[in-house]
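No value in this document is a laboratory result; all are computed from the given coordinates. Note that the structure is predicted; figures quoted are calculated from it, not measured. Here Cβ is always computed from backbone atoms with ideal geometry, including for glycine, and neighbour counts include all displayed protein chains.
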Amino acid sequence: MSSQRSEPTGLYGADADEPAQRRAFAGGAVPVAVYGLGKMGLPLAAVYAEASGAVTGVDIDPDVAEAVDAGECPVEGEPGLPEAVERLAADGSLSATTDAVDAASEASVHVVIVPTLVSDDRPDLSALEAAVRSVGEGLDAGDTVIIESTVPPRTCRDRVAPWLEAESGLGLGEFGLAFCPERTMSGRALEDIRGAHPKVVGGADDESTRVAELIYGGITDAEVYAVSDPTTAECVKVFEGLYRDVNIALANELATLAGEFGVDVPEAIEVANTQPFCDIHDPGPGVGGHCIPYYPYFVISEFEGATPLLETARHVNEYMPEYTVERATEALADRGRDLAEVTAAVFGLAYRPGVDETRASPGVDVAELLADRAETVYAVDPVTTDSPPAGVERVSLDDIEARELDLAVVTTAHEAFESIPWKAFDDVVVLDGRRQFDGDAVGHPLVRLGDGSGEN
């Protein structure tokens with residue numbers, strides 16, 4: 001059951017006018033709890049703390065909570081975040097704990113941004129359920145719960161609201177509930193949250209939407225779009241990812257036909273995109289990260305309607321690491337070499353340049369496939385801290401020139417790869433999955449994904 005604060009500080013259903021509520025929020029009179037201090041959650045907590053001066057971050061990892069509470073930043077690769085956490089913890093605007101129920105008991109605004117993983121092609125909402133039920137235990141009338149975790153459509157309606165009601169003993173309408181999707185990218189989270197992208201809010205009722213608009217109007221400089229309900233807002237987030245997955249699949253499928261076309265497919269795509277209605281993405285060795293590869297399953301596995309387009313797009317994109325290795329095998333065979341007898345290097349384990357994230361990364365998949373088929377496989381990545389797959393030896397960019405390579409596969413366009421010492425290798429075949437290089441720069445046989453023009 002919910003605890004009772006001595007003085008109500010909630011914004012939902014309050015009699016105070018909006019200017020007074022905005023001042024209360026900005027002045028620290030409306031305590032906020034942010035549940036989940038990961039790569040997206042900690043930047044969000046920091047921005048909330050900058051705007052309100054009264055934020056408690058919650059994380060199940062005691063090392064993370066202790067670090068943030070001490071002003072240390074456990075999240076790497078986010079410009080400005082370490083300085084922000086240090087400053088905000090020092091002035092008392094941001095603290096952290098592992099006690100979600102206690103934090104919920106003190107807060108009036110609850111922001112949940114825990115991960116939604118995918119297991120066996122189905123979304124796993126266990127982390128969300130645990131966080132929401134903890135919020136429910138400390139929920140008071142007048143509080144507002146905001147979900148930022150990416151979830152299947154109808155999650156707020158069918159799951160979150162019942163969980164909150166069951167734990168709090170309150171009914172929806174005594175507290176507010178809204179979905180406000182996270183719209184940030186790794187490596188630029190603070191910039192994105194503060195105003196690089198419009199914010200979307202969808203409340204379970206008009207009052208929930210009003211409060212969510214008021215709150216996000218206070219933490220971002222971007223426009224805030226209010227939609228009809230939480231399900232619509234959930235769809236906005238999922239649809240964004242589905243669009244990109246399908247679009248990339250189109251580009252990737254066209255790239256696999258490059259040899260039959262006899263053209264450089266990305267060149268044709270670039271010029272096709274000069275039409276205002278055309279916006280085809282770039283092909284590559286696959287789709288990685290914690291978003292796009294997973295969102296299709298939020299629809300495919302959760303709803304009964306047929307989804308052939310989404311399923312086909314996923315199949316195409318999941319096939320691209322295999323296609324990349326097949327192209328490398330063909331390029332070696334054209335020069336009288338057998339993949340089983342070569343030493344290969346994969347340049348890039350991160351799913352995106354400059355980001356320490358390997359989840360669902362095509363580079364990892366390519367490395368795993370090569371480990372099963374080539375004699376020796378190295379992995380080079382100056383950004384990621386994760387270990388390479390089994391059977392793959394990690395080598396630094398400085399040390400790779402001392403290795404004798406037969407095959408180099410570029411899977412991530414890290415800026416540091418501009419200094420790959422191509423001249424140090426005697427006879428290497430290069431497959432550039434990201435079109436980072438041209439033949440003059442490499443000085444070796446070069447195959448670029450999507451180029452069927454014969455000018456490799």
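Here are a few things to note about the model shown:
- Model label points for Asp63 and Ser126, set 7 angstrom from Cα along the Cα-to-Cβ axis, are 2.1 nm apart.
- Using the Cβ-Cβ distance between Cys278 and Ala441 with R0 = 22 Å, the FRET efficiency computed as 1/(1 + (r/R0)^6) comes to roughly 0.15.
- With Cα atoms, 0 to 90° folded angle of helix 41-52 axis to the chain main axis: 40
- Dimensionless Rg/Rh of the range 1-98 - Kirkwood Rh, Rg from C-alpha atoms: 1.02
- Full-extension gain in nm, Glu311 to Thr385, via 0.36 nm per residue minus C-alpha separation: 23.4 nm
- Scaled radius of gyration (Cα, divided by 2.2 N^0.38 Å) that the range 187-288 gives: 1.47
- For the pair the range 374-416 and the range 423-444, the centres of their Cα atoms are 14 angstrom apart.
- Approximate spin-label separation Asp158-Met185, in nm, with each point projected 7 Å along Cα-to-Cβ: 3.2
- Taking the three principal axes of the alpha carbon atoms in the range 247-312, the coordinate ranges are 40, 27, 24 Å, sorted in descending order.
- 3J(HN,Hα) along the range 409-419, derived from phi through the Karplus expression 6.51 cos²θ - 1.76 cosθ + 1.60 where θ = phi - 60°, amounts to 10, 8, 10, 9, 8, 4, 4, 4, 6, 4, 9 Hz, with x in place of Gly and Pro.
- Simple spin-label estimate for Asp426 and Ala141 in nanometres, 7 Å along Cα-Cβ: 8.3
- Distance from the range 170-187 to the range 66-94 (C-alpha centre basis), Å: 23
- With the helix formula -39500 (n - 2.57) applied to DSSP H stretches of n ≥ 4, the chain reaches a computed 222 nm mean residue ellipticity of -11000 deg cm²/dmol.
- Based on Cα contacts under 8 Å between residues 6+ apart, the range 391-436 shows a relative contact order of 48 percent.
- The range 50-123: radius of gyration and largest Cα-Cα distance (Dmax), Å: 13.8, 45
- The largest-to-smallest principal axis extents of the Cα set in the range 320-448 are 36, 29, 26 Å.
- 0 to 90° range, to nearest 10: angle between helix 230-256 axis and the chain longest Cα axis: 0
- Working ranking of peptides 288-296, 273-281 by packing, defined as the average number of other Cβ atoms within 10 Å per residue, highest first, is 288-296, 273-281.
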